[in-house]
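> Let me give you the structure first, and then I'll get to my questions.
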Amino acid sequence: VLILGIETSCDETAAAVVADGREILSNVVSSQVEIHRRFGGVVPEVASRKHLEMLNPVIDLALKGAGVSLGDLDAVAVTQGPGLLGSLLVGLMVAKSLAFVLRLPLIAVHHIRAHVYANFLAHPRVNFPFVALVVSGGHTDLIYATSHSDFRLIGRTKDDAAGEAFDKVARFLGLGYPGGPAIERKARQGDPTAFPLPRLHTSGDFDTSFSGLKTAVIYRWRQAQERGEKVRVEDVAASFQATVVEILEEKAFAAVRAFKVPTLLLAGGVAANGHLRERFATRAQAEGVKLLLPPPVLCTDNAAMVAAAAYYQFLRGDFAPLTVSADAGLPLS
Ligand code: ATP
Ligand code: MG
Ligand code: FE
């Protein structure tokens, strides 16, 4: 089964061809990072216009890269939401046109589910049930899944997403955009104990909160400035990164214990973070939990993960009508 995946939920224009939900024949991502950098974040109107310009060439590249033509495809899959409405609409419009003209089934994919399915591309076997932690620019979702058609949201952020916190703290520290990779680079030269931050754990559930931590960074930084204390940006980055990872680790492993699952999946852009990957690997080994992570390129937005998720919808005949509309706040279940 050959599926063309299309992803335009945020600021990457992406298309991919995936065979049987597992084999990536091509995976093209055109990032708009350089365009949005000068604004310090994604500008929705600019993003959708850029998608409009880039999507057809990106799809052509994906087909050529896979060595297939439109006639070889079995389905067209596209991100329906959540994401930026104007950006989603571009992908959906193009996917609908292709499905209509080629008389192929259209598969509407949930973006956060797609992030989880990056693991199905990266690992030969992913067994249910599992707990998945999706940490990205807009989400910090803990998911309990018992089958391809049963994903339950068990925890989320009460305010900022983990990636959003990375981006905001990086912006405050003048480290540029996107913030996650910038903070990770600085943190490598930093001491995570040199700039103590409060561990603001929300207890008793699987929800997280990162807004207070972000405020604490800003407050302590200003306080140190006023007192004339010398603070190294590297130490702030290391301390902030370590605290975010600690919070995520506590919540994720608590969920694994509570739901008595053998496997924990990580996904989303923040899962590309080296410190996070190391900490989770160490903890998983200590607790006898099987940890699955996609390679960093499949953590951030891409269309291969969309085609992978779509494959399982294809198998159960979960197709979308051509009247389907984009949904910026599409719920997980
Ligand atoms: P969502 O998936 O919630 O709709 P998104 O698609 O914008 O949001 P992703 O593309 O999955 O998010 O991830 C982007 C986020 O990941 C950004 O916030 C970015 O700072 C963060 N990120 C990327 N690389 C790293 C890294 N190495 N360390 C920490 N954060 C990172
Ligand atoms: Mg992005
Ligand atoms: Fe994403």
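> Any residue at all in the range 309-327 that's surrounded by fewer than 17 Cβ atoms within 10 Å (Cβ to Cβ), at pLDDT 95 or above and closer than 16 Å to ILE112 by Cα?
yes
> Next question, about the same structure. Restricting to the range 157-183, name every residue that is part of a loop (DSSP other than H, G, I, E, B), away from ligand 1 (no atom under 11 Å from the Cβ) and at negative phi.
Filtering the range 157-183 for residues part of a loop (DSSP other than H, G, I, E, B) gives 158-161, 173-178.
Now narrow it down to the ones that are away from ligand 1 (no atom under 11 Å from the Cβ): 158-159, 173-174.
Within the range 157-183, LYS158, ASP159, LEU173 qualify.
> Is it the case that THR13 is polar (S, T, N, Q), in contact (Cβ under 8 Å) with a residue 12 or more places away in the chain and in contact with a strand residue (DSSP E or B) (Cβ under 6 Å, 6 or more places away or on another chain)?
yes
> Please specify each residue of the range 28-38 satisfying the condition of being in contact (Cβ under 8 Å) with a residue 60 or more places away in the chain and more than 15 Å from PRO57 (Cβ to Cβ).
Within the range 28-38, VAL33, HIS36, ARG37 meet the criteria.
> Let me ask another. Considering only residues that are touching a residue at least 40 places away in the same chain (Cβ under 8 Å) and over 27 Å from ALA99 (Cα atoms), which ones fall in the range 40-62? So that I can check it myself, show each step before the final result.
First, the residues of the range 40-62 that are touching a residue at least 40 places away in the same chain (Cβ under 8 Å): 40-42, 44-45, 47-48, 51, 54-55, 58-59, 61-62.
Within the range 40-62, GLY40, GLY41, VAL42 meet the criteria.
> Within the range 45-54, is even one residue under 21 Å from GLU164 (Cα atoms) and within 12 Å of ligand 1 (Cβ to nearest atom)? Lay out the reasoning, then the answer.
Step one: filter the range 45-54 for residues under 21 Å from GLU164 (Cα atoms), giving 45-48.
Checking the rest, the ones that are also within 12 Å of ligand 1 (Cβ to nearest atom) come to 47.
Among the residues of the range 45-54, at least one is under 21 Å from GLU164 (Cα atoms) and within 12 Å of ligand 1 (Cβ to nearest atom), which makes the answer yes.
> Still on this structure, I have one more. Condition (residue is over 15 Å from VAL90 (Cα atoms), basic (Lys, Arg) and either surrounded by 15 or more Cβ atoms within 10 Å (Cβ to Cβ) or modelled with pLDDT of 95 or more (or both)) applied to the range 39-52: is it met by at least one residue? Break it down into steps so the answer makes sense when it comes.
Quick first cut of the range 39-52, residues over 15 Å from VAL90 (Cα atoms) only: 39-43.
This time we only want the ones that are basic (Lys, Arg), so: none.
No: the range 39-52 contains no residue that is over 15 Å from VAL90 (Cα atoms), basic (Lys, Arg) and either surrounded by 15 or more Cβ atoms within 10 Å (Cβ to Cβ) or modelled with pLDDT of 95 or more (or both).
> Could you please let me know if ARG277 is away from ligand 1 (no atom under 16 Å from the Cβ), assigned to a helix (DSSP H, G or I) and of a type outside the set (Gly, Ala, Ser)?
no
> Considering PRO124, PRO129, PRO82, PRO105, which residue is modelled with pLDDT under 95 and either surrounded by fewer than 21 Cβ atoms within 10 Å (Cβ to Cβ) or not polar (S, T, N, Q) (or both)?
PRO124
> Within the range 73-84, does at least one residue satisfy the condition of being free of Cβ contacts under 8 Å to residues at least 40 places away in the same chain and more than 24 Å from the chain's Cα centre (by Cα)?
No, there is no match, as no residue in the range 73-84 is free of Cβ contacts under 8 Å to residues at least 40 places away in the same chain and more than 24 Å from the chain's Cα centre (by Cα).
> Additional query: Exactly one of (1) more than 23 Å from VAL134 (Cβ to Cβ); (2) among the charged types (D, E, K, R); (3) part of a helix (DSSP H, G or I) is unmet by GLU229. Its number?
Status for GLU229: all satisfied but (3).
> To continue, here is another question. Which residues, taken from the range 73-100, are farther than 16 Å from ALA114 by Cα and among the β-branched types (Val, Ile, Thr)?
Within the range 73-100, VAL90, VAL94 meet the criteria.
The values are calculated or read from the model by the stated rules, or taken from the named source; none is laboratory data. Because the structure is a prediction, the values reported are computed rather than measured. Cβ sites come from the backbone with ideal geometry, for glycine too, and all protein chains shown count toward neighbours.
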